[in-house]
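First the structure, in the form of structure tokens, and then the observations on it.
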Ligand code: TMP
């Protein structure tokens, strides 16, 4: 577990993006170096994989292997070096998304995802995961009309229900790492809870030396 690695999760349309900016501002205003990145993506290779992932039909297994290939490169090139020099890393989605979308949404199951996660980043997980929770109908209303929906955003409601249920099950299993934020609440109220969790983490991280993989 890394004390300075924060991830942002939720079904499509749950509203994580503006909160990532708020966390970045909170940390930079205190003089910390902050890296904002995303998955799939975060490297030139990862962004190319993202374009394939979002635009081509493929099996659930291929989806999983592609996101983990992008993830491995992202960790090696971006995340682990940043943590090693003491920076904070804010990541828009990480392995919890694979548990939720491929394990839950695509029904591959958590054990399938866990096996690959154990190969790709053994023993590595976020210090804090902010899970923005919203019922799929409300989330869908927020994204339609915004832009053309991608392959995953256009999945049927029951897919997004399974993704949401898998996220909530992860949060139930790891309540100290995963904070569930109700995105139906006013944005400012959600923001206050987000910042409160981050300030707690800053307090907890003070005095910890970074220990990261470098492979
Ligand atoms: P984004 O729109 O939040 O950037 O995420 C891109 C899409 O990729 C989103 O629909 C969720 C999906 N996704 C997966 O299905 N599995 C994963 O492991 C990750 C990281 C994202």
Restricting the range 38-49 to residues that are more than 22 Å from residue 118 (Cα to Cα) and surrounded by 13 or more Cβ atoms within 10 Å (Cβ to Cβ), the one farthest from the ligand (Cβ to nearest atom) turns out to be 48
Taking the stated definitions as given, is residue 67 touching a residue at least 24 places away in the same chain (Cβ under 8 Å) and away from the ligand (no atom under 11 Å from the Cβ)? no
Restricting attention to the range 86-121, which residues are in contact (Cβ under 8 Å) with a residue 60 or more places away in the chain, away from the ligand (no atom under 13 Å from the Cβ) and either at negative phi or in contact with a strand residue (DSSP E or B) (Cβ under 6 Å, 6 or more places away or on another chain) (or both)? 87, 88, 89, 90
Would you mind finding the one in 141, 133 that is over 24 Å from residue 37 (Cα atoms), more than 10 Å from the ligand (Cβ to nearest atom) and touching a residue at least 12 places away in the same chain (Cβ under 8 Å)? 141
Being touching a helix residue (DSSP H, G or I) at 6+ places or on another chain (Cβ under 8 Å), more than 16 Å from the ligand (Cβ to nearest atom) and farther than 20 Å from residue 177 by Cα is the filter here; which residues of the range 1-31 pass it? 30
Turns out the helices (runs of 4 or more DSSP H) fully within the range 1-75 with at least 1 residues that are within 15 Å of residue 129 (Cα to Cα) are 17-28
The one condition in (1) surrounded by fewer than 18 Cβ atoms within 10 Å (Cβ to Cβ); (2) assigned to a helix (DSSP H, G or I); (3) within 13 Å of the ligand (Cβ to nearest atom) that residue 199 fails to fulfil: (3)
Hey, which of the helices (runs of 4 or more DSSP H) in the range 76-192, taking only ones fully inside, have at least 2 residues that are surrounded by fewer than 18 Cβ atoms within 10 Å (Cβ to Cβ)? 80-84, 110-120, 136-143, 157-173
Can you tell me which residue within the range 50-64, out of those that are in contact (Cβ under 8 Å) with a residue 40 or more places away in the chain and under 21 Å from residue 118 (Cα atoms), is farthest from the ligand (Cβ to nearest atom)? 61
Taking residue 78 as meeting all but one of (1) within 13 Å of the ligand (Cβ to nearest atom); (2) closer than 30 Å to residue 30 by Cα, write down the number of the exception. (1)
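None of the figures in this text is laboratory data; all of them are computed from the coordinates on show. None of the values given here were measured: they were computed from a predicted structure. Note: ideal-geometry Cβ built from the backbone for every residue, glycine included; neighbour counts use all protein chains shown.
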